[in-house]
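Here the structure comes first, spelled out in structure tokens, and everything after it is commentary.
No value in this document is a laboratory result; all are computed from the given coordinates. Note that this is a predicted model, so its numbers are computed, not measured. FYI the Cβ positions are ideal-geometry reconstructions off the backbone, even for glycines, and counts take in every protein chain you see.
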Amino acid sequence: MLITKQNKIKCIDSRVLDEIQMAIEKLNVEISEAIVNLDKEKALELANRAIADGLNLLEVVEHGFGAGIRKIGDLWDEGEIFLPELMLGGNIMQEAMKLLIPHLKEHSETFNRGTVVIATIEGDIHSIGKTIVGTMLSANGYDVHDLGADVPAEKIVKEAISVNANVIGVSALLTTTMAGQKKVVDILKDKGIRSKFKVILGGAPVSRKWVEECEADGYADSAVDAVKLVNELFSNK
Ligand code: B12
């Protein structure tokens, strides 16, 4: 093979990229283990390291912290750990998010691509995934109104009308609270304003079938896909 200067640079570039990728994967494993071991000090130290090293923080959030907290959920489901451990895991994840979120926002687009109202539905206090999605949408140029968790469907609709939102995002992590997502769509229909808003759903139990049943406009199971979905909905307007 002819080794040109350009080929050589490409080769070095891809080797460096592979090394960076391997370092991120190793860090993600360490982060996930720290969460599973409920080691707050280590988890926060690794979050700070990821920030200091200028790593892709969304990847660290999704594949490091996200993987760890989902494993905690599985362990709880299997009866391997109990509610206090589940709660401690959730707290550690939230503490880490407090450190990471300002940095995720750092490279925010400055223009306003549209307005999004996002909330976790009434009866459901799971806020981590919804907050990540809201943060990523805001970092991608959307004006995001995050109403928090445990928010009644009526309040979500009221807020969407008041801020003249284009998109309403509703999160549900519990199978028992998913019905509230459909309620948001139903209220919009009852008020005769369904076509004014795109409604997107999210949360671990949400599926394409559920979105169809609710007659919502889409769903995403990661923050990256949520941004793609909202971009698509805006481009189809
Ligand atoms: C952390 C956690 C908690 C924390 C929540 C802390 C907080 N402030 O959020 C605490 C300890 C408080 C908690 C409490 C409970 N929990 Co909990 N919890 C979890 C756990 C382990 C992780 C959830 C999480 O944060 N994941 C990480 C984030 C990044 O992922 P995510 O939420 O899925 O979000 C991503 C996507 O879904 C999507 N997305 C999310 N929202 C949205 C919104 C939109 C619009 C879009 C487009 C996309 C999108 O993008 C996000 C980013 O990647 C899950 C297990 C699991 N596998 O999900 C159980 C889990 C959800 N909990 C469960 C249960 C049962 C409970 C409790 C009822 C326990 C109890 N007996 O008290 C209570 C709920 C009380 C209530 N009324 O809400 C069950 C639910 C079972 C079910 N089928 O309904 C799960 C699945 C655990 C299990 N395996 O059984 N929990």
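Cα centroids of the range 66-124 and the range 130-162: 15 Å apart. Against the empirical curve 2.2 N^0.38 Å, the C-alpha radius of gyration of the chain lands at a ratio of 1.13. Among the trypsin sites (Lys or Arg not before Pro) within the range 137-213, those in coil by DSSP and having at most 13 neighbouring Cβ atoms inside 10 Å are Lys191. Relative to the dominant Cα principal axis of the chain, helix 179-190 is inclined by about 50°. Net length available on complete extension from Glu215 to Arg113 is 34.3 nm, with 0.36 nm assigned per residue and the Cα-Cα distance removed.
Taking 31 Å as the cut-off for C-alpha to C-alpha distance, list the pairs among Lys191/Lys228; Lys40/Lys182; Lys42/Lys228; Lys71/Lys209 that go past it.
The pairs that break the limit, which is 31 Å between Cα atoms, are Lys40/Lys182; Lys42/Lys228.
As a rough footprinting exposure proxy, the listed residues Leu44, Leu229 were ranked by other beta carbons within 10 Å of their own, and the order from fewest upward is Leu44, Leu229. When Thr115, Thr175 are sorted by how many other C-beta atoms sit within 10 angstrom of their C-beta, beginning with the fewest, the order is Thr175, Thr115. With K and R counted +1 and D and E -1, the other residues having a Cβ less than 14 Å from that of Thr176 yield a net charge of -1.
What does the net charge come to around Lys209 if you take all other residues with beta carbon closer than 13 Å to its beta carbon, with K and R at +1 and D and E at -1? With Lys, Arg at +1 and Asp, Glu at -1, the neighbours total -1.
The mean sequence separation of alpha-carbon pairs under 8 Å and at least six residues apart, normalised by the residue count of the chain, gives a relative contact order of 14 percent. Around Arg49, what is the net charge, scoring Lys/Arg as +1 and Asp/Glu as -1 over all other residues with Cβ under 12 Å from its Cβ? Counting the neighbours of Arg49, the net charge comes to -1. In this structure, Lys105 and Lys26 have a Cβ-Cβ separation that, at R0 = 45 Å, corresponds to a calculated FRET efficiency of about 0.95. Between the range 169-237 and the range 8-63, the C-alpha centres lie 32 angstrom from each other.
Taking other C-beta atoms within 10 angstrom as a stand-in for reagent exposure, Glu45, Glu59 fall in the order Glu45, Glu59, fewest first. Relative to the 2.2 N^0.38 Å rule of thumb, the range 5-105 has a C-alpha radius of gyration ratio of 1.26. Extension gain, Ala204 to Lys71, is 46.6 nm, computed as 0.36 nm per intervening residue step minus the present C-alpha separation.
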